[in-house]
Amino acid sequence: MPTIAESGVPGYEVINLLGLIARAGTPAPVIDRLSKAMKEVLEDPKVIKRFADLGTEARFTSPQAFFEIMRLQADTWIPVIHKANIKPE
């Protein structure tokens, strides 16, 4: 199967994200506690191995870094979705 660039659409990288997202307005101490717990889980060797066994990688990022990744992905893909007239089903 050709890559996106090989298919004539250079400059795009498709990534899968899995993250914990809290409701807007969640108090900072709650976000900090969830973030700390998630970091501990994702650094557990058993969890790392389980992700590796599934062919993927468990990587912790701060809430701010994850937000930025999601923002960049939205900036990339929302115009594509609109141009292709993709509708949610």
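The values are calculated or read from the model by the stated rules, or taken from the named source; none is laboratory data. A quick note: this is a predicted structure, and the numbers were derived from the prediction, not measured. All Cβ positions, even for glycine, are placed from backbone atoms using ideal geometry, and neighbour counts span all protein chains on display. Please note that ligands, DNA and RNA were not included when accessible areas were found on the heavy atoms of the full protein model with its side chains. Shrake-Rupley method; radii C 1.70, N 1.55, O 1.52, S 1.80 Å.
Could you look through the range 2-21, keep only residues that are without any contact (Cβ under 8 Å) to a residue 60 or more places away in the chain and among the hydroxyl-bearing types (Ser, Thr, Tyr), and pick out the one that is farthest from Ala58 (Cα to Cα)?
Ser7
Output the residues belonging to the range 1-37 that are farther than 26 Å from Asp75 by Cα, open to solvent by less than 80 Å² (accessible area, probe 1.4 Å) and within 20 Å of the chain's Cα centre (by Cα).
Correct list: Leu34, Ala37.
Determine, yes or no, whether Lys49 is in a helix (DSSP H, G or I) and touching a residue at least 12 places away in the same chain (Cβ under 8 Å).
No, not satisfied.
Of all residues in the range 38-55, which are open to solvent by less than 60 Å² (accessible area, probe 1.4 Å) and under 25 Å from Gly11 (Cα atoms)?
Passing the criteria: none in range.
What number of residues in the range 24-52 are closer than 17 Å to Met70 by Cβ and either modelled with pLDDT under 95 or touching a helix residue (DSSP H, G or I) at 6+ places or on another chain (Cβ under 9 Å) (or both)?
Residues flagged as closer than 17 Å to Met70 by Cβ and either modelled with pLDDT under 95 or touching a helix residue (DSSP H, G or I) at 6+ places or on another chain (Cβ under 9 Å) (or both) within the range 24-52 amount to 5.
Of everything in the range 72-89, what is under 17 Å from the mean Cα position of the chain (by Cα) and farther than 14 Å from Asn16 by Cα? Give them in sequence order.
Asp75, Ile78
For the range 61-73, name all the residues that are of a type outside the set (A, V, I, L, M), surrounded by 13 or more Cβ atoms within 10 Å (Cβ to Cβ) and assigned to a helix (DSSP H, G or I).
Pro63, Phe66, Phe67, Gln73
Assuming Ala58 fulfils every condition listed in (1) modelled with pLDDT of 90 or more; (2) surrounded by 10 or more Cβ atoms within 10 Å (Cβ to Cβ); (3) in contact with a helix residue (DSSP H, G or I) (Cβ under 8 Å, 6 or more places away or on another chain) apart from one, which condition is it?
Among (1) modelled with pLDDT of 90 or more; (2) surrounded by 10 or more Cβ atoms within 10 Å (Cβ to Cβ); (3) in contact with a helix residue (DSSP H, G or I) (Cβ under 8 Å, 6 or more places away or on another chain), the lone unmet condition for Ala58 is (1).
Go through the range 12-46 and give me each residue that's more than 30 Å from Pro2 (Cα to Cα), part of a loop (DSSP other than H, G, I, E, B) and of a type outside the set (A, V, I, L, M).
Correct list: Arg23, Gly25, Thr26, Pro27, Glu43, Asp44.
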